[in-house]
Amino acid sequence: MMRIATLLGAPSVTLLALALDLLARHKLFSRSERRALLAFAAAASLVLYSSTLGYLPLDLYRAGFSPWAPVALAIAAIVVAPRSPAIALTALIAMAVYDIPVFRSVNLFDYVVDPILGVVAVGWAVGAGVRRVFR
Amino acid sequence: MSRPRILLIQVLLVGAAAVGALRAHRWAAPASFAVPSVARTNEPPLLASELLPSSGTNFVHAATLAELPNGDLLAAWYGGTDEIDPDVNIFVSRQDRRTGRWSAPRAIENGPRTHVKSVGNPVLVVDRDGVRLFYVGVILGGWSGSTIFVKRSPDGEHWSTPRRIATSPLLNLGMLVRSPAAAYNDGTIGLPIYHELRRKWSALARVDGQGRVVDEVRMADNPFIQPWVVPTSARDAIAFFRWSARAPGFVNSATTADGGVRWSPLASTGLEHRDSAVAAARLDDGSLIAIFNNSPGDRRKLAIVRKGGRWSKPFQIENDPRPAFDGPTRREYSYPFLIATRDGRYHVVYTWQRTKIKHVVFNAPWVRAALP
């Protein structure tokens with residue numbers, strides 16, 4: 001059990017927000033907001049973890065240490081805020097937790113995505129794709 | 001949500017981004033290496049060796065060494081029944097500067113081990129805050145399922161509980177250490193790390209005094225691992241890499257001219273080996289020395305070479321003609337860990353037949369005489 005806890009580490013704010021939304025019977029995010037978050041998480045996870053495993057000729061994780069990372073996330077969140085305030089609020093909480101920083105990491109990616117979220121999001125994306133094909 | 005609330009979120013986003021960017025900016029500027037001055041010695045040529053006291057284990061491997069502020073040497077290695085066995089511990093032994101005697105090895109990573117399966121590859125780092133021991137903890141399967149931990153000690157005697165350091169976003173798995181850190185003038189260190197989950201790569205992780213990775217720069221891709229960084233000036237350094245493939249290959253090197261922020265493409269050194277660790281250091285005349293297994297088939301030969309213009313002929317520290325595997329005996333002389341001490345001497349510890357740790361000490365006059 002301890003080893004699993006060591007392995008999994010801390011969940012991202014995005015995963016916690018989606019879990020909270022599930023517990024609140026989807027009252028936090030609208031359907032389209034949930035889909036947007038999962039689609040973002042699926043795309044980010046695929047690129048980030050492929051890069052980490054050495055399958056891409058770029059080191060995306062390093063960008064999470066850059067001073068431009070919180071700026072980029074803030075700009076994206078500010079742009080989506082009028083249409084999806086819940087997503088903007090999730091991004092704000094992720095940045096606040098990163099600013100403190102609550103986890104041992106000072107890499108913004110560790111606050112926005114995590115492998116469990118990646119598995120869930122990619123699973124959702126594959127399922128959505130399959131449903132679309134066979135609809 | 002009402003417009004004023006949305007506006008408030010947007011304002012807070014700007015503030016949060018500013019705080020985060022300012023903190024990250026602190027680490028974004030290139031740092032300068034704290035290059036240790038290499039003492040000149042007037043000693044006559046010196047080459048001596050000894051076996052360190054046994055840790056009482058069947059198997060030992062991957063020794064590390066550091067000089068403490070009072071001049072004592074602190075060595076650490078891992079040992080147990082075999083690699084990745086649950087009974088493996090990390091042992092430390094201290095050499096008294098005045099008597100030259102090594103203390104009885106003591107296990108320091110032997111608590112109830114529920115968080116990892118096994119441990120290995122200790123790396124000692126001495127800085128102004130005391131001693132840090134970075135090591136690998138295997139969580140799942142073999143070495144590719146490992147992660148990096150750190151323990152602290154004010155004196156090399158009393159050790160804190162381990163903390164995991166975050167070096168990878170993917171469950172922090174597949175990350176290992178093996179080589180000494182390069183100190184930066186701002187108090188951070190450049191810790192060479194490498195990745196073995198699926199594909200191999202090497203990186204330099206900049207770690208602050210609290211054990212947080214504040215930047216991480218890729219240095220080399222598959223199959224180069226175990227980078228060994230030798231700073232040569234405040235901005236310049238050269239790194240040597242282990243060729244980690246089944247077929248024999250060459251030790252490769254890369255250079256940086258901006259404190260490790262960017263690394264040059266790899267270049268072959270022409271030093272042939274096969275999947276074995278390399279160690280290097282700088283001499284007082286600016287030339288480099290490297291220690292590696294100069295046998296493309298196995299690890300029965302361990303050599304030291306010197307690079308002025310080009311690499312010298314090797315001097316064999318070990319050259320065992322007997323079979324590499326002979327019943328339970330493994331004739332392997334590997335994983336050299338090399339440091340220069342303030343008195344102008346060089347110390348190397350390495351795995352001796354996987355049952356002992358050997359310590360060899362030499363000085364620059366000996367290197368110049370033996371490796372002209």
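The values are calculated or read from the model by the stated rules, or taken from the named source; none is laboratory data. None of the values given here were measured: they were computed from a predicted structure. Glycine gets a Cβ as well: all are built from the backbone with ideal geometry, and neighbour counts include every protein chain shown.
If you scan region B:39-49, which residues turn out to be closer than 16 Å to B:Ile339 by Cα and out of contact with any Gly (no Cβ under 9 Å at 6 or more places or on another chain)? Correct list: B:Leu46, B:Leu47, B:Ala48, B:Ser49. Could you please let me know if B:Pro223 is within 11 Å of chain A (Cβ to nearest Cβ), farther than 20 Å from B:Glu109 by Cβ and either over 16 Å from the mean Cα position of the chain (by Cα) or among the charged types (D, E, K, R) (or both)? Taking the combined requirement at face value, the residue satisfies it. Figure legend. Inter-residue proximity from region B:284-301: first residues hydrophobic (A, V, I, L, M, F, W, C), second residues assigned to a loop (DSSP other than H, G, I, E, B), beta-carbon distance below 8 Å, spacing 6+ or different chains. Indicated pairs: B:Ile289/B:Leu283; B:Ile289/B:Leu371; B:Ala290/B:Val278; B:Ile291/B:Val278; B:Phe292/B:Ser276; B:Phe292/B:Ala277; B:Phe292/B:Val278.
Taking the conditions exactly as written (more than 12 Å from the chain's Cα centre (by Cα), more than 9 Å from chain B (Cβ to nearest Cβ) and within 30 Å of B:Leu176 (Cα to Cα)), does A:Ala63 satisfy them or not? Answer is yes for this residue.
Going by the structure shown, is B:Arg163 of a type in the set (Lys, Arg) and at pLDDT below 95? So that I can check it myself, show each step before the final result.
Details: of a type in the set (Lys, Arg): yes; at pLDDT below 95: yes.
Yes, satisfied.
For the residues A:Val80, A:Val71, A:Val97, the requirement of being at the interface with chain B (Cβ under 7 Å from one of its Cβ atoms), of a type in the set (A, V, I, L, M), under 28 Å from B:Met1 (Cα atoms) and surrounded by fewer than 23 Cβ atoms within 10 Å (Cβ to Cβ) singles out A:Val71. Of the strands (runs of 3 or more DSSP E) that lie entirely inside region B:94-198, those containing 2 or more residues that are among the hydrophobic types (A, V, I, L, M, F, W, C), within 14 Å of chain A (Cβ to nearest Cβ) and touching a Lys or Arg at 6+ places or on another chain (Cβ under 9 Å) span B:130-138, B:146-153. Return a yes/no flag: does region B:30-39 have any residue that is of a type outside the set (A, V, I, L, M) and within 14 Å of another protein chain (Cβ to nearest Cβ). Within region B:30-39, one or more residues are of a type outside the set (A, V, I, L, M) and within 14 Å of another protein chain (Cβ to nearest Cβ).
Scanning region B:238-257 for residues that are at pLDDT below 95 and not in a strand (DSSP E or B) yields B:Ser244, B:Ala245, B:Arg246, B:Ala247, B:Pro248. Looking at the structure I just gave you, is B:Ser202 within 14 Å of chain A (Cβ to nearest Cβ), modelled with pLDDT of 95 or more and under 21 Å from B:Leu124 (Cβ atoms)? When the stated conditions are applied, B:Ser202 passes them.
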